[in-house]
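Asker: For reference, the structure I am asking about is given below.
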Amino acid sequence: MKLELGYIDIKGIRFDDYNAIEDGVLVVDPDELVKPVLEDELIKSAHFEIATPGESIRITPVKDVIEPRVKVEGPGEIFPGMIAKVDTVGSGRTHVMRGMAVVTAGPIVGFQEGIIDMTGPGADYTPFSQLHNLVLVMEMEDSGASAHEYEKAARMAGLATAVRVGELARELEPDEIEVFETPTIAQSYSDELKDLPRVAYVMMLQSQGLLHDTYVYGVDVKRTLTTMLSATEVMDGAIVSGNCVSACDKNTTYHHLNNPVIQDLFKQHGKTLNFVGTIITNENVYLADKLRSSDWTAKLAGFLSLDAAIVSQEGFGNPDTDLILNCKKLEAQGIKTVIITDEYAGQDGKSQSLADADPAADAVVTGGNANQPIVLPPMDCVIGTLDYVDKIAGGHDGSLRPDGSIEAELQVITGATNEMGFNRLSAR
Amino acid sequence: MVKEIERAGLPVVHLCTVTPISLTVGANRIVPTIAIPYPLGNPELSPEDEYKLRKGIVTKALEALTLEVEDQTVFE
Amino acid sequence: MSKFRVVHYINQFFAQIGGEEKADIPPEKREGAVGPGLAFNKAFGDEAEVVSTIVCGDSWFNENLEEAKNTILDMIREEKPDIFIAGPAFNAGRYGVACGSITEAVKTELGIPAVTGMYIENPGADMFREKVYIIETKNSAADMRKAAPKMAKLALKLAKGEEVGASAEDDYIPNGIRKNFFEKKRGSQRAVDMLLAKINGKPYTTEYPMPDFDRVDPQPAIKDLSKVTIALVTSGGIVPKGNPDHIESSSATKFGEYDITGVDDLTADGYETAHGGYDPVYANEDADRVVPVDVMREFEREGVIGKLHNKFYSTTGNGTAVASSKKFAEEIAKRLIADEVDAVLLTST
Amino acid sequence: MSKKAYIVVTNNPLVKEQLDETVGVCYFSEDSHRDLLERVRDFVHKGYRILTHPLAGSVKPWETPYRSVMITAKREEKTDLFSLEMIEQAIFALEKSKARPVTLNEKVLADFQIVDFSLIQSALPSAEAHGQH
């Protein structure tokens, strides 16, 4: 499959009474944009705010981060099976509003988490401090609906908003165009590619239940077997996050759209390696599912006649088991494997970092120790609410000090220890 | 623990229920036992039978001490 | 600002006194920098200066460990240094152990910032990496030019009270404490680089080494059981009733040594388990289910074994979390050997 | 109690309320998160196998008081090593972080119950499909 990404650089966002992109500045009419969000009867109130890099702003609790994109050529639309109808995406041309994101904020449950600081020490740890953020703040109706329904309402509101914003880029001339082409099996044996080592990317997706779900073409991943897709499908929103827990190492929808492993494998494709495929597998609660899914990972890797693979993880704790199982079974077939994870080594860095281990995992990239303590100074402006800071992962009673500063662990920060290798943070 | 004592120069027999763990911790002479909460007993047996069971396992462990091993060995 | 005062420790070889034939010289102190000290003075620039150098033969140090440490500590104390550096020892084993020992002693007993350096495979590296900062060097003295600035940089950081970075940043041998830092490339790029190295059989370093699974060679068999003393050791937490030593219920920080002279049977009245890692009912009913004193006494009476050692040792360690027990296992082994025990039955729950 | 091949060990009242009629539930209302894991470990020692990961979910174990673990209904002769390692690692993981919210209001507790219930619920279709375990 061949996909062209046309990047429209966004250098700022401002509110007005019309919608447009003018000289790289996104202009939106917040009242108009919020209307469809409010049509969902579960959403009591919603409004937009703007957060610019360097401003003294704290966004919390963050649910998802989404990059606006629009399909201008080729089958399907962005977020198939979720916002658009089901249709195979990943070919043709897609416009990307680079440098900005739609961020959804607001509580779904009482222990909601996720902080994005736009300046200060916390900003160094989240990639989203570098983006112009259009923040959709939502409050849920106290209607007795289930947490599942609230999560879905918030998820869909964010995705729909991103799609509406993305539409504004349809007719624009991109600042830069990048082309990605994935080979078929036959093409992967072409003269240019056949002598290069065959490499695949194994992407593990969180799939355990409420606030821990991922959707592929609208399908809840926990009910699927390990499967394959084209890396370009991911760029068109085939994978969507329904994940609200573990701010530091959940993969937001933004991470999926801009999957760094896929980007970096493409850079080497045809040069030092032959990027032959992307395998997606789940992280279920039920142990037999874990065994089966990792068996299938190894089996598909075998079908692809791989020489090597990179495995990325999502989340904390039991996915360590999936990660080690995947790695062990790939290595057992002689497939050279590198895994990407993060660590929970305690505040003092002395605890064992992972919940599982195996000598086969001899090539590990780490996104850092999520337990590292951090003090986030007060910000002039809070988008969302600080009500949940004492209750979020890595916070504790008294985390929120009277002056508005927060004493917590790195795990509170959205995307801080990402396990796709999105960041430069590491640990030794 | 087994490893450090053996490293210091004493032969060690590790009596343990979950032998794969014993293998990972590096024991060289391993004798499997009954259950984690009662490795050398079985509360469901009469005191006499339980003692006999224990004696059997300890005998096996002592025998293991008298046998040369080159590698990690489980004396089933 | 005045310069930091540095004391430097080196062996007879680097002091150019001689090689192995001079390894037995006792410690002596010389004014100013000697040998590699010059490289350090250069690396310290105008921030610090080697004010004196202590030279000691490697054999003398290792054969007179306590005396050597005390004598050298006294020499260092007199100089009132702000910084202590030892070596680097590169791949010299006894020199590495000496550097590690004296660096640790200076750090803990004098409270002075102290740094040493050595090759990763130097036995001193494994012994002291978790206790002191050891700059990683190559395996030969040719690396001095690169090693000295690294050691000087870290020593200055410590002297100024600045925060030490992760091992990869400040070039010390990983000390078991995970520390965050920002790499030059993002994680996915590092993963691709590592994968290419792995595919092509080139060296690469994992960012998180798995807990290590090393092995010990088996000890030879016992020829004649009837002539030997056998000790019982357990990680099942069996203790005299009331747990007099307060052994913790899991990941114990200590072990118990219990005299069983004249004890034929571990009864419910006298013994119990401190172990929190399993259902304690059965061990409390009859501790012989964990530590088989009753059976061993019978074998002793019958002459099957020479003797049951009159002490048993107990601690609590959960099956998989064994790392912490290493230290006291070494101590138990030391005592058993001192008591002329010949073999051990170790029971785990 | 049902005749299913699995049972759920829990300290979560919502799990008891929701599953008790269809699934065997061993409910321990007084257990802390750690107590519950230790209880599961005792089951493992006695020969029951764990069917769901005891660290289910990314809600950190040091935050939520609730935990539900599915185990086999039938006891086997031998201790299952896979289960044992998993439960010990889970207990170990509990101690990693000092971050520990102590004031949990009713709303937060209810939400923690819902998430824990949802996690165990996600295992039910697999457990049902599996049959005899």
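The values are calculated or read from the model by the stated rules, or taken from the named source; none is laboratory data. Everything numeric in this text was worked out from a predicted model, so none of it was measured. Neighbour counts are summed over all protein chains in view; Cβ atoms, including those assigned to glycine, are modelled from backbone coordinates with ideal geometry. The area values use the complete protein model at the heavy-atom level, side chains included, leaving out ligands, DNA and RNA. Shrake-Rupley method; radii C 1.70, N 1.55, O 1.52, S 1.80 Å.
Asker: Can you give me the % of accessible surface on segment B:2-74 that is carbon or sulfur? Probe 1.4 Å, all protein chains present, nothing else counted.
Answerer: With neighbouring chains kept in place, the figure for segment B:2-74 is 54 percent.
Asker: Can I ask one more? If you plug each phi of segment A:254-264 into the Karplus form 6.51 cos²θ - 1.76 cosθ + 1.60 with θ = phi - 60°, what whole-Hz ³J(HN,Hα) values come out, in order, with x for Gly and Pro?
Answerer: For segment A:254-264, the Karplus-derived couplings read 4, 4, 5, 4, 10, 3, x, 5, 4, 4, 6 Hz, x marking Gly and Pro.
Asker: I'd like the distance separating the alpha-carbon centroids of segment A:238-261 and segment A:344-379, in whole Å.
Answerer: 19
Asker: Then there is this: Distance cut-off 23 Å, Cα to Cα: go down the list A:Lys250/A:Lys290; A:Lys329/C:Lys326; B:Lys60/C:Lys223; C:Lys69/C:Lys157; A:Lys329/C:Lys198; C:Lys131/C:Lys254 and report the pairs above it.
Answerer: A:Lys329/C:Lys326; C:Lys69/C:Lys157
Asker: Which trypsin sites (Lys or Arg not before Pro) in segment A:256-314 pass both tests, a DSSP loop state and at most 14 other beta-carbon atoms within 10 Å?
Answerer: The qualifying sites are A:Lys271.
Asker: How much mean residue ellipticity at 222 nm does chain A get from its helices, if each DSSP H run of length 4 or more adds -39500 (n - 2.57) and you divide by all residues, to the nearest 500 deg cm²/dmol?
Answerer: -5500 deg cm²/dmol
Asker: Per residue of chain C, what 222 nm ellipticity follows from adding -39500 (n - 2.57) for every DSSP H run with n ≥ 4, rounded to the nearest 500?
Answerer: Value at 222 nm, helices only: -9500 deg cm²/dmol.
Asker: May I pose another question? Tell me which GluC sites (Glu not before Pro) from segment D:11-72 have a DSSP coil assignment and no more than 11 other beta carbons within 10 Å of their own.
Answerer: D:Glu21, D:Glu30
Asker: From largest to smallest, what semi-axes in whole angstrom does segment A:2-412 give when each is the square root of 5 times an eigenvalue of its alpha carbon gyration tensor? Don't skip to the answer; put the middle values down first.
Answerer: Details: eigenvalues 219, 148, 74 Å².
Square roots of five times the eigenvalues give 33, 27, 19 Å.
Asker: Express the Stokes-Einstein translational diffusion coefficient of segment C:4-170 in µm² s⁻¹, to the nearest whole number, given a Kirkwood radius over alpha-carbon pairs, 4 °C and a viscosity of 1.567 mPa s. Spell out each step's value before the answer.
Answerer: Values: Rh = 15.2 Å.
Here the translational diffusion coefficient equals 85 µm²/s.
Asker: If you don't mind, another one. Aspartates and glutamates within cross-link reach of A:Lys2: Cα-Cα under 14 Å, excluding same-chain residues under 8 positions apart?
Answerer: Those aspartates and glutamates meeting the cut-off are A:Glu73, A:Glu178, A:Glu181, A:Glu233, A:Asp236.
Asker: Leaving out ligands, DNA and RNA, what percent of the accessible area of segment A:1-59 is carbon and sulfur, probe 1.4 Å? Mind dumping the intermediate values first?
Answerer: Values: 1310 of 2830 Å².
Here carbon and sulfur together make up 46 percent of the probe-accessible area.
Asker: If you don't mind, there's one more thing I want to ask. Can you work out the accessible area per residue across segment C:225-347, with the rest of the protein chains kept in place, probe 1.4 Å, in square angstrom?
Answerer: 39
Asker: When the Cα centres of segment A:154-183 and segment D:25-88 are compared, how far apart do they sit, in Å?
Answerer: Cα centroid to Cα centroid, the span is 45 Å.
Asker: Please report the spacing between the Cα centers of segment C:1-78 and segment A:1-57 in Å, no decimals.
Answerer: Measuring centre to centre over Cα atoms gives 67 Å.
Asker: Next question. How large is ³J(HN,Hα), in whole Hz, for each residue of segment C:113-122 in order, when computed from phi with the Karplus curve 6.51 cos²θ - 1.76 cosθ + 1.60 and θ = phi - 60°, using x for Gly and Pro?
Answerer: Working through the residues one at a time gives x, 9, 9, 10, x, 6, 6, 4, 8, 4 Hz.
Asker: Just need log10 I(q)/I(0) for the protein assembly as shown at q = 0.05, 0.06, 0.08 Å⁻¹, Debye formula, equal scatterers on the alpha-carbon atoms, no solvent, rounded to two decimals.
Answerer: Treating every Cα as an identical point scatterer, log10 I(q)/I(0) equals -0.36, -0.51, -0.89.
Asker: Oh, and also: Amide H neighbours of C:Gly276 under 5 Å, at least 5 residues apart or on other chains, H built in the peptide plane: list them.
Answerer: C:Ser250
Asker: Follow-up question, since we're still on this one. Can you find, among C:Ala98, B:Tyr51, A:Gly349, the residue sitting farthest towards the positive end of the charge dipole of the protein assembly as shown, where Lys and Arg contribute +1 and Asp and Glu -1 at Cβ?
Answerer: Checked the options; the winner is C:Ala98.
Asker: Also: Could you pull out the chymotrypsin sites (Phe, Trp or Tyr not before Pro) across segment C:194-261 that fall in loop regions by DSSP (anything but H, G, I, E, B) with no more than 12 other Cβ atoms inside 10 Å?
Answerer: C:Phe213
Asker: Here's another thing I want to ask about it. C plus A alone minus the pair: what accessible area, both sides summed, probe 1.4 Å, in Å² to 100?
Answerer: Buried: approximately 3600 Å² between A and C.
Asker: What lysines could a cross-link reach from C:Lys202, if we take a straight Cα to Cα line under 17 Å and drop same-chain neighbours fewer than 8 places away?
Answerer: A:Lys336
Asker: Give me the accessible area per residue for chain D, probe 1.4 Å, as a whole number in Å².
Answerer: 41
Asker: Mean separation of Cα pairs under 8 Å and 6+ residues apart, divided by the residue count of segment C:4-170: what relative contact order is that in percent?
Answerer: Relative contact order, segment C:4-170: 21 percent.
Asker: Still on this structure: What are the residues of segment A:208-226 that lose 30 Å² or more of accessible area, with a 1.4 Å probe, going from their chain alone to all protein chains?
Answerer: A:Gln208, A:Leu210, A:His212, A:Arg223
Asker: Please report, in debye to the nearest 20, how large the charge dipole of the protein assembly as shown is about its Cα centre when each Lys and Arg carries +1 at its beta carbon and each Asp and Glu carries -1 there.
Answerer: 1660
Asker: Still on this structure: With the Cα gyration tensor of segment D:6-129 in hand, give its eigenvalues times 5 under a square root as the equivalent ellipsoid semi-axes, listed largest first in whole angstrom.
Answerer: Output for segment D:6-129: semi-axes of 22, 18, 12 Å.
Asker: In 5 Å bins starting at 0, how do the alpha-carbon pair distances of segment A:62-162 split up by percent?
Answerer: Pairs per bin, as whole percents: 2, 11, 19, 19, 17, 15, 10, 5, 1.
Asker: Sum -39500 (n - 2.57) across every DSSP H segment of at least 4 residues in chain D, then divide by the residue count to get the 222 nm mean residue ellipticity, nearest 500.
Answerer: My calculation for chain D gives -13000 deg cm²/dmol from helical runs alone.
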